[in-house]
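First comes the structure, then the notes that go with it.
The values are calculated or read from the model by the stated rules, or taken from the named source; none is laboratory data. Everything numeric in this text was worked out from a predicted model, so none of it was measured. All Cβ positions, glycine included, derive from the backbone under ideal geometry; neighbour counts span all protein chains shown.
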Amino acid sequence: MASVKSGDNKETDWKVALDKAKLQIRSELKLDEWQKYGFATRRAAEFDELAARQDSPAGAVARFKCSEFSREDFWEDFESKRLPCVISGIPEAEGWPGFQKWTWDNMAEKHGGVRFKIGKDDKGATVRVRVEHFMHYKQEQEDDSPIYLFDNQMGGGKTREEILQDFKIPSYFPDDYMELAGEDDRPPYRWFSLGPRRSGTVMHQDPLATSAWNTCLVGRKRWVLLRPEVPRSVAKGKKVMQKDDDDEAVNCFIDLLPRLREQGVETIEFVQHPGETVFVPGYWWHCVVNLDDTIAVTQNYTGRHNFILVWKSTRVERPCWCHKWLREMDAQRPDIAAEARRINEQDNFDMNALLIKNRERRLKRRQRREERGLRQVKRKAGDDFSEAAWRKKYRKEKSDSSDSDSTVSTSSSDSASTSSSDDSGESPSEKPAV
């Protein structure tokens, strides 16, 4: 791995910081390999052609203005039928304070010194960069798939409070049943993003069968959707990938999707413009690339039309948290709790048995990791090695590095883990709609 040393020249501090971050979030790449496909240089025309392309096929996704379609019509025609759509005009019509002030210059001026999340390192620890450094990077970078600032904590503290005040949940999406369990330990569900041109998120399904809305305020995004029944190996492009291919969003759109279409796979491609909100139902595959430098916000949710799917997924993937969720349903929404129990009875699903099994599996996994680490250290250590001291240090480091603040996978480097189960101690790689 290349080394990165900080210098005295503040003009280059941003590059030092971003190079270090690159090596952390994609340790399998050397710094010069971030440009190996040449999408910003020798293959720039291919990306320009992609950016100029219209929806494919024409009318690929339903579009309507928020002023012309009621919430009840949306529920009937799209949400209940689990069909994607694009809604225009929400930020302006519903009075988002950030509608006018969310610009790149404003973000740099107001939040320049704040550190936002851009990914995780190999140990699962969050990697963050300062907004002012990220702005320099955005202007200078020629990476194939640039670093994507995508943070569910929205910078934390005062910055988070300010960003949350700048947008509103669209009136089409009033439900948030997971909110019943409180904010502290619920699965991550809301993100703010700054996406440089060519950055994006890999092909994925959103976690826990949740549906999502995504509103873009600056720039354009290109989306591709595949129907839920498409097999994972097909959606991920595994059968069409060639030896040196990558599965980053830009690679997917320029290299993999044309090959999938040649094999008869149905793809739904469309462009999201500033001020438009995309609705993505649960289980739909999607991949998104930023055609311009974008600013967006997205949220996953559980509501009246997708609760059954989400409950069935969550009781398996998050068995520990699911017990708390059910207790809060009992206290605040007994009607929803009754539905959850009806589903369990119908499926003959024993939540307690799964919880016990999950805890046992969790303990065994931690023990295996600890013993594996111990063997590796013993082979390298001298006679003064203290097993007791090592175990104490190891457990503290694991506790400190445990991070479950995001389900986002903006990079294929995050795609090794696909489980959102409580037993992993890690967040799942499958991300919400971007």
When you scan segment 235-247, do you find a residue that is in contact (Cβ under 8 Å) with a residue 60 or more places away in the chain and either closer than 24 Å to Ile87 by Cα or out of contact with any Asp or Glu (no Cβ under 7 Å at 6 or more places or on another chain) (or both), even just one?
yes
Condition test on Glu109, is it among the acidic types (Asp, Glu), assigned by TED's automatic domain parsing to the domain that holds Lys138, closer than 30 Å to Glu161 by Cβ and modelled with pLDDT under 95?
yes
Enumeration of residues in segment 108-134 that are surrounded by 17 or more Cβ atoms within 10 Å (Cβ to Cβ) and over 21 Å from the mean Cα position of the chain (by Cα)
His111, Glu132, His133
Any residue that is in contact with a Ser or Thr (Cβ under 6 Å, 6 or more places away or on another chain) and modelled with pLDDT of 95 or more - is there at least one of those in segment 26-36?
yes
Out of Glu79, Glu68, Glu49, I need the residue that is of a type outside the set (A, V, I, L, M, F, W, C) and farther than 30 Å from Phe253 by Cα. Which one?
Glu68
Go through segment 169-219 residue by residue and tally those that are of a type in the set (Phe, Trp, Tyr) and within 13 Å of the chain's Cα centre (by Cα).
4
Only unsatisfied item for Leu309, checking (1) surrounded by fewer than 21 Cβ atoms within 10 Å (Cβ to Cβ); (2) assigned to a loop (DSSP other than H, G, I, E, B), is (2)
Answer from Leu225, Leu217 - the residue that is farther than 30 Å from Asp105 by Cα and assigned by TED's automatic domain parsing to the domain that holds Asp105
Leu225
Within segment 138-164, track down each residue that is of a type outside the set (A, V, I, L, M) and within 19 Å of Thr277 (Cβ to Cβ).
Phe150, Asn152
On the given criteria, is Val271 surrounded by fewer than 23 Cβ atoms within 10 Å (Cβ to Cβ) and more than 13 Å from the chain's Cα centre (by Cα)?
yes
Scan (1) within 18 Å of Glu140 (Cβ to Cβ); (2) under 23 Å from the mean Cα position of the chain (by Cα) for the single condition Pro91 breaks and write down its number.
(1)
Yes or no: segment 181-204 includes at least one residue that is among the small types (Gly, Ala, Ser), more than 21 Å from Gly112 (Cα to Cα) and either surrounded by fewer than 16 Cβ atoms within 10 Å (Cβ to Cβ) or not assigned by TED's automatic domain parsing to the domain that holds Gln272 (or both).
yes
Among (1) in contact with a strand residue (DSSP E or B) (Cβ under 6 Å, 6 or more places away or on another chain); (2) in a helix (DSSP H, G or I), which single condition is Leu256 missing?
(1)
Inside segment 37-72, the number of residues satisfying the requirement of being aliphatic (A, V, I, L, M) and loosely packed, with under 13 Cβ neighbours inside 10 Å is 3
Taking only segment 346-367 into account, find how many residues are farther than 12 Å from Cys322 by Cβ and outside any helix (DSSP H, G or I).
2
